[in-house]
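Remarks on the structure that follows.
Nothing in this text is a laboratory measurement; each read-out follows from the coordinates by a stated rule. Computed from a predicted model, the values in this text were never measured in an experiment. In this analysis, Cβ positions are derived from the backbone assuming ideal geometry, glycine residues included, and neighbour counts consider all displayed protein chains.
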Amino acid sequence: MSVLNWLKRHLVVIAGLLTLGYLLLPNVIVTVFSFNKPKGRFNYQWQQFSTDAWKDPCGVADMCGSLSISLQIALWATIGATVLGTMIAFALVRYRFRARSTVNSLIFLPMAMPEVVMAASLLTLFLNLGAQLGFWTILIAHIMFCLSFVVVAVKARVMSMDPRLEQAAQDLYAGPAQTFLRVTLPIAAPGIAAGALLSFALSFDDFIITNFNAGSTVTFPMFVWGSAQRGTPVQINVIGTAMFLVAVLLVLSSMIIGNRRNKQKA
Amino acid sequence: MAAVTEAPPLAPAPETKPPRKRGRLVPYWLLLPGILWLIVFFALPMIYQASTSVQTGSLEEGYKVTWHFATYWDALSEYWPQFLRSVAYAAAATVLCLLLGYPLAYLIAFRAGRWRNLIMVLVIAPFFTSFLIRTLAWKTILADSGPVVSTLHTLHVLDVTNWLGWTSGDRVLATPLAVVCGLTYNFLPFMILPLYTSLERIDGRLHEAAGDLYAKPWTTFRKVTFPLSMPGVVSGTLLTFIPAAGDYVNAELLGSTDTRMIGNVIQTQFLRILDYPTAAALSFILMAAILLMVTIYIRKSGTEDLV
């Protein structure tokens, strides 16, 4: 009876942890199989322990090249989307202007559109214009779909900020540029950073839109997609594991820094 | 900067702040580059796509707008099973995401205590690893001779799912169940995060008050917690359903030719068969269906809340 009661009281916790397990299981598999030594071309069945792939992560033809293309695109897309998105976010929070609802829907719609629709329509545009598909068309597409997410992240931060801090700066004889650089920008920084981080992740991991508009350029997700047909090298799992570790470390360290700041404040 | 953030809180801000007068053109200059980008590379392509869908011709001779609306009819009559399948799979994945995601969001919001941050990291971190690699891992998990399939077989779960048509034979891979499982997995964080945001805003004292008024835990959940989390449920549902309906990665990697979704058809028509008008028409129909849903949603909640 007491066991039943305990189960009943902790039902939510048990169900929640099971979901967490469901979310993390693939990452565990990816990590474990990065130490596999598969027999055939595909790395889906456990054979024997080996650290070969970790010792030679770039041992597969074209993989590290695609990784470098993805990193370059993600970097430039992040910069582009963050700058354009931050400007829009400031305009939306700080100013009144016409066509506000049109602007809002134009920012909302890319987030509400299935990727395949954006991918297909963008391809019809590029085909009609006779544009050469490749690095630049991918970059254009990535900036387009990352922009909205930056606007949302920055807007949330700027909205919660006290406008009188800027007024105080101006009362203390700071010019508009000085006020912006020394007061506004530092306060908005966490929102901008969150938007930039999200852009980087979205761009680096994008497959559907990239696949339509890449021409013969191969990004890392496209390499993985291709290898799902031809044969999956263990090195893919090495990259996947490394990405997961970097992500955990990044998020953990940002949380620790945030906690420390909060404690200092209190 | 540090001095600013550490300043003691000022008196509460006045309710309405007057809009700034100086620099009437400033907002337009701030908006111009980004909005122009969205117009040229998001809105304009939609128009090009609409125009492509009513063109006829061939790759060699080029396409001309002939207002050939029959393409729509042909596309629908040929691919309606894939449309229906997309809606069914996406709906199933959305319901599963809600059922699986709610307990976890609830756990993070109310029961995690000092573990809250760690669990949040574990929910978000997979999001930053390539989703294609993680989807491929499901091939290993659901492998024919693997522990999952043999357990399901021993428990006679597979007999039930076979009878329902969700699986066939002794396998899970290459069946609808595998595709729905992959879709659920891929879009689960999009359900958990909005749910968590709306649950976290709920005042814990409301639960105590419900308990003081002799509500049992289940009644408290049904009458207090769940209604207050509705905004999260609605946006989580949209954020899961929309991308799931257009997805073709899970159907391609985990499914078979019998589980092809509309995204697969659009992809093949565009990139392999190069039948642009049909592909554009299909994509347009998908967009119209999704837009209809979103519009109904916006009518209810207003755009300002969404962006």
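Structure data summary
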| quantity | calculated |
| --- | --- |
| Among residues of the stretch B:34-56, those that are of a type outside the set (A, V, I, L, M, F, W, C), without any contact (Cβ under 8 Å) to a residue 40 or more places away in the chain and surrounded by fewer than 19 Cβ atoms within 10 Å (Cβ to Cβ), counted | 1 |
| Residue list for the stretch A:35-61, restricted to those being under 20 Å from B:R134 (Cβ atoms) and within 29 Å of the chain's Cα centre (by Cα) | A:F35, A:N36, A:F42, A:N43, A:Y44, A:A53, A:W54, A:P57, A:V60 |
| Top-ranked residue of the stretch A:9-24 - restricted to ones that are small (G, A, S) and touching a helix residue (DSSP H, G or I) at 6+ places or on another chain (Cβ under 7 Å), ranked as nearest to B:A109 (Cα to Cα) | A:G16 |
| Matching residues, the stretch B:92-148, being in a loop (DSSP other than H, G, I, E, B) and of a type outside the set (S, T, N, Q) | B:A112, B:L142, B:A143, B:D144, B:G146 |
| Residues of the stretch B:269-292 satisfying the condition of being aliphatic (A, V, I, L, M) and outside any helix (DSSP H, G or I) | B:L274 |
| Selection from the stretch B:198-216 of residues that are over 17 Å from B:A105 (Cα atoms) and part of a helix (DSSP H, G or I) | B:R205, B:L206, B:E208, B:A209, B:A210, B:G211, B:D212 |
| Failed criterion for B:K64 (all others in (1) part of a helix (DSSP H, G or I); (2) out of contact with any helix residue (DSSP H, G or I) (no Cβ under 7 Å at 6 or more places or on another chain) hold) | (1) |
| Subset of the stretch A:195-238 (residues that are within 9 Å of chain B (Cβ to nearest Cβ) and part of a loop (DSSP other than H, G, I, E, B)) | A:F207, A:T232 |
| Residues (under 16 Å from the mean Cα position of the chain (by Cα), within 12 Å of chain A (Cβ to nearest Cβ) and either free of Cβ contacts under 8 Å to residues at least 60 places away in the same chain or farther than 30 Å from B:L282 by Cα (or both)) located in the stretch B:197-241 | B:L238, B:L239 |
| Which numbered condition B:D144 fails, given (1) at the interface with chain A (Cβ under 7 Å from one of its Cβ atoms); (2) in contact with an Asp or Glu (Cβ under 8 Å, 6 or more places away or on another chain) | (1) |
| Members of the stretch A:23-49 found to be out of contact with any strand residue (DSSP E or B) (no Cβ under 7 Å at 6 or more places or on another chain), part of a loop (DSSP other than H, G, I, E, B) and more than 8 Å from every other protein chain (Cβ to nearest Cβ), listed by number | A:S34, A:K37, A:P38, A:K39, A:G40, A:R41, A:F42, A:Q48 |
| Selected residue (criterion: surrounded by the most Cβ atoms within 10 Å (Cβ to Cβ)) from residues of the stretch B:114-132 that are facing chain A (nearest Cβ under 7 Å) and without any contact (Cβ under 8 Å) to a residue 12 or more places away in the chain | B:T129 |
| Residue satisfying condition, being facing chain B (nearest Cβ under 7 Å), part of a helix (DSSP H, G or I) and either among the charged types (D, E, K, R) or out of contact with any Pro (no Cβ under 9 Å at 6 or more places or on another chain) (or both), within set A:R164, A:R157 | A:R164 |
| Qualifying positions in the stretch A:96-126 - of a type outside the set (A, V, I, L, M, F, W, C) and either surrounded by 18 or more Cβ atoms within 10 Å (Cβ to Cβ) or part of a helix (DSSP H, G or I) (or both) | A:R100, A:S101, A:T102, A:N104, A:S105, A:P110, A:P114, A:E115, A:S121, A:T124 |
